[in-house]
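What follows is a short report on a single structure.
The values are calculated or read from the model by the stated rules, or taken from the named source; none is laboratory data. All of these numbers come straight from a predicted model, not from anything done at the bench. When we count neighbours, we look across all protein chains shown, and the Cβ atoms used for this are built from the backbone with ideal geometry, even at glycine. When the accessible area is computed, the model is the full protein with side chains, heavy atoms only, and any ligands, DNA or RNA have been set aside. Shrake-Rupley method; radii C 1.70, N 1.55, O 1.52, S 1.80 Å.
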Amino acid sequence: MNKTLNNSWDNILKDEFEKPYFKALEERIDKEYNSSICFPEKDNIFNAFRYTDYKNIKVVILGQDPYHNDGEAMGLCFSVPENIKLPPSLKNIYQELATDTDCVKPKSGDLSAWTKEGVFLLNTTLTVRKNQPLSHKGLGWETFTDEIIRIINRKTTPVVFILWGSNARSKKPLINDKFHCIIESAHPSPLSAYNGFFGSKPFSKANKFLMEHEIEPIDWSVIE
């Protein structure tokens, strides 16, 4: 795995990458990639960290694991590369975005423009086998990403944590919600979007909190 991040995460995570659990995780992931087709590409596993520097994080969106179909996963939760068909969950995210903020529904599924605004797009499990959702759950990624949430929780500036679905919401105890803001709802998946995701207004709520704390809000409309 390419763990060079070229920003402040390098120094923050250098000790974490040397811990025994992470070394064991690396070995397991190497075996998986050598024996099966896995996503995202190895060089893209840590893209969430490359795209959003720790010091710039304003909002964390927490996903479950990468898309498991060819060409979709790019190392940013819910995001797919340009010209790839929008997955169902992302379609629903865009529907809520348009309703919540009155912006035009984006056509591109590439969410990297949000990362430049300070949105950290993290999955709780960073890899997956082709066509096997949650296949890398339990390999050790959760230990790593739980620590990432704790590290972000220690930021001295307020952060908005957007938790969609039971997996993301289970991470709530890791967050000091007296200082930060937690926005939680059902998952945007077609199976649950009508059970509390639609109408939850996460985008406007996030910006309201940021502005109340004199932090520049996210321009959610930057994706075209």
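Report, in cubic angstrom per residue, the convex hull volume of the C-alpha atoms of the stretch 23-150.
Numbers: hull volume 13.8 nm³, N = 128.
Roughly 108 Å³ of hull volume per residue.
Just the Cα atoms of the stretch 179-224, one point each, no solvent: what log10 I(q)/I(0) does Debye give at q = 0.19, 0.33 Å⁻¹?
Each listed q maps to, in turn, -0.71, -1.09.
Which whole-angstrom value gives the distance between the alpha carbon centres of the stretch 97-140 and the stretch 25-83?
9 Å
Holding the Cα-Cα limit at 32 Å, pick out from Lys42/Lys208; Lys85/Lys137; Lys31/Lys58; Lys130/Lys155 the pairs that are longer than that. All intermediate terms of the calculation are to be shown ahead of the outcome.
Details: Lys42/Lys208 37 Å; Lys85/Lys137 26 Å; Lys31/Lys58 35 Å; Lys130/Lys155 35 Å.
Where the Cα-Cα span goes over 32 Å, the pairs concerned are Lys42/Lys208; Lys31/Lys58; Lys130/Lys155.
On the Cα set of the stretch 116-224, report Rg and Dmax in Å, please.
Considering the stretch 116-224 through its Cα atoms, Rg and Dmax are 14.9, 44 Å.
Which of Ile37, Ile152, Ile162 ends up with the largest GNM mean-square fluctuation for the chain, with Cα atoms connected below 10 Å?
Most flexible of the set in this elastic network: Ile37.
For n ≥ 4 DSSP H runs only, could you compute -39500 (n - 2.57) per run for the chain, divide by its residues and tell me the 222 nm figure to the nearest 500?
Numbers: 8 runs with 74 residues, N = 224.
When only DSSP H runs of four or more count, the value is -9500 deg cm²/dmol.
Of all alpha-carbon pairs in the stretch 4-67, indicate the percentage at a distance above 20 angstrom. Display every interim value, and only then the final one.
Working: 783 of 2016 pairs.
Of the Cα pairs, 39 percent sit more than 20 Å apart.
Once R0 is set to 35 Å, what does the formula 1/(1 + (r/R0)^6) return for the Cβ-Cβ distance between Gln132 and Phe179, expressed as a FRET efficiency to the nearest 0.05? The partial results should precede the final answer.
On the way: r = 38 Å, r/R0 = 1.09.
Computed FRET efficiency for Gln132 and Phe179: 0.40.
I need the Debye-formula profile for the chain: one equal scatterer per C-alpha, no solvent, reported as log10 I(q)/I(0) at q = 0.07 1/Å, two decimals.
-0.20
Roughly how many Å² is the accessible area per residue of the stretch 69-224, as a whole number, for a 1.4 Å probe? Show your work: numbers first, answer last.
Values: 7150 Å² over 156 residues.
Heavy-atom SASA per residue in the stretch 69-224 reads 46 Å².
Tell me, in nm to one decimal, what length is gained between Ser170 and Asp70 on full extension, where the rule is 0.36 nm per residue of separation less the Cα-Cα distance?
Numbers: separation 100, 0.36 × 100 = 36.00 nm, distance 2.87 nm.
That pair, Ser170 and Asp70, stretches by 33.1 nm at full extension.
Assuming R0 = 30 Å, can you tell me the calculated FRET efficiency for the pair Thr4 and His213, based on Cβ-Cβ distance, to the nearest 0.05? Display every interim value, and only then the final one.
Numbers: r = 33 Å, r/R0 = 1.09.
So the FRET efficiency works out to roughly 0.40.
How much length is gained if the chain between Glu26 and Lys201 is pulled fully straight, taking 0.36 nm per residue apart and subtracting their Cα-Cα distance, in nm to one decimal?
Details: separation 175, 0.36 × 175 = 63.00 nm, distance 3.79 nm.
Result for the pair: 59.2 nm of gain on full extension.
In debye, nearest 20: dipole of the stretch 158-224 around its Cα centre with unit charges on the Cβ of K, R (+) and D, E (-)? Intermediate values should be presented prior to the final figure.
Values: 7 positive and 7 negative charges, 80 e Å.
That gives the stretch 158-224 a dipole magnitude of about 380 debye.
PRE reach from Leu191 (point 7 Å along Cα→Cβ): which of the stretch 67-96 fall under 18 Å by backbone N?
Within reach of a label on Leu191: 67-69, 78, 87-93.
Quantify, in whole percent, the carbon and sulfur part of the accessible surface of the chain (1.4 Å probe; protein heavy atoms only). List each step's numbers first, then the result.
Numbers: 4970 of 10490 Å².
Heavy-atom surface of the chain belonging to carbon and sulfur, 1.4 Å probe: 47 percent.
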